[in-house]
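What follows is a single structure, written as structure tokens, with notes after it.
Throughout, read-outs are computed from the coordinates displayed, never taken from laboratory work. Being a predicted model, the structure only gives us computed values, none of them experimental. Here the Cβ is made from the backbone with ideal geometry for all residues, glycine too, and neighbour counts use every protein chain on show.
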Amino acid sequence: MKYALYVLILLASLNCSQPEKKTAAAAKPNILLIVADDLGFSDIGTYGGNIQTPVLDKLGKESMLFSNFHVLPTCSPTRSVLLTGNDNHVAGLGIMSEMDYPALQQLKLPGYSGALSKQVVTIPELLSGQGYHTYMVGKWHLGEGEGEKPHERGFEESFILGTGGGSHWNDKKALAPPQHMEYFSNGKVVELPDDFYSSRNYTDSLLRYIDTHKGDQKPFFAFLSYTAVHDPLHAPDEYIAKYKGKFDAGWDSLWTERFNNLKALGIIGADAKGFKVPAIPAWNKLPKEQQQAAARDMEVYAAMLDYMDMSIGRVFEYLKAQGMYDNTMIIFMSDNGANGAVASTYPGNQDGAYLGTFDNAMENRGKKGSYLAMGPGWAQASSAPFRYFKTFTSEGGIRAPLMIKMPGQTQGAGTWNKSLTHVSDIMPTILELTGTSYPASYKGNDIHPLIGFSMLPILQGKSATIRTDQGIGYELFEMKAYIRGNWKILRLPEPMGSGKWQLYDLEKDPGETNDVAVQHPDLVNQMVAAWNDYAKQNALHDHRGHYDSVYRSSY
């Protein structure tokens, strides 16, 4: 089954030692990069959510908040850009490794290998040369072959899930039969303890790494890459119990609540309209049993986020106890929009055989042996007012929360920056902050120039924006977009879109509800020309025929 069917659905803690007396402050700041997996734009409290996220909400008061931050539509492409400051095609993730496109894959193009290429260099590779410890825990999803694992791309210590997701318990049940779940510690396959739960054990591992090496006073770069809140939805019982009945009003009510909260925060205009997928049924039209099951699924999702928030708090408390927190830059973001897929859409699940091995009875939903998904109804609510969700190059798939706390006092802490920013800007920001230069070559390979811009001028209060005429291009699964300033052109294949370039003014119409291409033909032509330049500069393959044939055969 092709990936287009996925699109079609739319529809323990460490006993910390006593605080040490601080000696001289570290010459360079620590960097803690935290990525949540499939987190919706408005799920955390700071962004208008109603799930308990006190740790992240407090971080929001210490950070600059970004309301116009863009990522890639899916997991591994975003991570490739995040760690390299380059376009996902240049980085090798023009396609996801688990997806089946034989006609394209037979061409063996480096931009579509599904693993990090040699024409990019990673943040940890550069920082390790600047005297940094480099740690990673959690989801990698950037290759498991020779030379592709984290310890071979700059991470000194790592405990990771190599693939894109699966069970959060120790049973290692994958998302679908063609996929697998392999955990690695510094490149070696490891088995999981009986009491394994992803967010807890990732956090434990990171704390152990920092604690082990703290004595040499070297700064660290830590990539805390949670697999929460990616499906299947799993959480400890006591966390699920906290949300019993909290979502009984349904996804339409939640969509309205989130939409109004974002207006109140000033993230979207008072007159903005929101996009809703017509194929998603109204909550009050669902049978009672279906409402109960769906409400439970959202309770588990909320519990996962709540537990992840608590886990992040454990890291912060440790850093404070060790006198490290004040000298640490903390970056928190999501890798893409909320996940609107259901389990049957993953390649290999269409016949129901694998899914039939799970126990999704009400009393077992969210526990080991169950397989739940957020689904399009709740994903649309988490993405309100934006169009669609994960997988799409519309705003619901690519606009994500971003909070950055600077070492010391953050200029404008707790305030919103509305300028256009992108995941490719994270690496240049870290490099400038740490005084690290970007090379033209690395280990004998020519390195592609950075496409991102340092955000330090914004974070230091010297500028409100880092882009003037520079745009951002997109292409994934034949879904295309180009954003420059407030303007965006978008091409989604039928029936999700018109199959033609559409034009939106994101400042007035963040929900992409009013195509104004007819009113501005010259602007459309300019933006399409800019997209074509983007395609040439980043080695995109003209594979429209391959993708379009897949889409048509699936409807």
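Assorted remarks:
- Within a straight-line Cα-Cα reach of under 27 Å, Lys418 can be paired with the following lysines, leaving aside sequence neighbours fewer than 8 residues apart in one chain: Lys58, Lys61, Lys263, Lys273, Lys276, Lys390, Lys405, Lys462, Lys480, Lys488, Lys508.
- Taking the DSSP bridge list for the chain and keeping only pairs wholly inside it, about 55 percent are antiparallel.
- Estimated dipole of the chain in Debye, rounded to 20 [Cβ of Lys and Arg +1, of Asp and Glu -1, Cα centre]: 700 debye
- Each of Met374, Ala361, Thr421 was scored by the projection of its Cα onto the charge dipole of the stretch 356-463, and the greatest displacement toward the positive side belongs to Ala361; charges sit on the C-beta of Lys, Arg, Asp and Glu.
- Debye-sum result for the stretch 187-260 in log10 I(q)/I(0), which assumes one identical scatterer on each alpha carbon, at q = 0.13, 0.22, 0.23 Å⁻¹: -0.67, -1.14, -1.19
- Counted by neighbouring Cβ atoms within 10 Å, the residues Phe316, Phe259 run from fewest to most as Phe316, Phe259.
- Shape category assigned to the stretch 379-456 from the gyration tensor of Cα positions, a/c cut at 1.5: oblate
- Long-range tail of P(r) for the stretch 411-555 (Cα pairs > 18 Å, %): 66 percent
- In the stretch 262-323, the GluC sites (Glu not before Pro) that fall in loop regions by DSSP, at most 11 other Cβ within 10 Å: none
- Mean separation of Cα contacts under 8 Å, 6 or more apart, over the residue count of the stretch 390-487: relative contact order %: 28 percent
- Our summary of shape: the Cα atoms of the chain have principal axis extents of 62, 56, 49 Å, ordered from largest down, in whole angstrom.
- Residue pairs exceeding 22 angstrom between C-alpha atoms, taken from Lys242/Lys367; Lys172/Lys242; Lys214/Lys320; Lys173/Lys242: Lys172/Lys242; Lys173/Lys242.
- Pair-distance distribution P(r) for the stretch 46-96, from all Cα-Cα distances in 10 Å bins starting at 0: 23, 32, 31, 15 percent.
- Where only DSSP H runs of four or more residues are counted, the chain gives -8500 deg cm²/dmol as its mean residue ellipticity at 222 nm, each run worth -39500 (n - 2.57).
- Loop-located trypsin sites (Lys or Arg not before Pro) across the stretch 363-451 with a Cβ neighbour count of 10 or fewer within 10 Å are Lys443, with loop assigned by DSSP.
- Using every pair of separate Cα atoms, the Kirkwood estimate puts the hydrodynamic radius of the stretch 198-355 at 19.0 angstrom.
- Cα gyration tensor shape for the stretch 226-303, rounded if a/c is under 1.5, else prolate or oblate: oblate
- Taking other C-beta atoms within 10 angstrom as a stand-in for reagent exposure, Val121, Val189, Val137 fall in the order Val189, Val121, Val137, fewest first.
- Integer Hz, Karplus 6.51/-1.76/1.60 couplings in order for the stretch 314-331, x for Gly and Pro: 4, 5, 4, 5, 4, 4, 5, 5, 8, x, 9, 4, 5, 9, 10, 6, 10, 10
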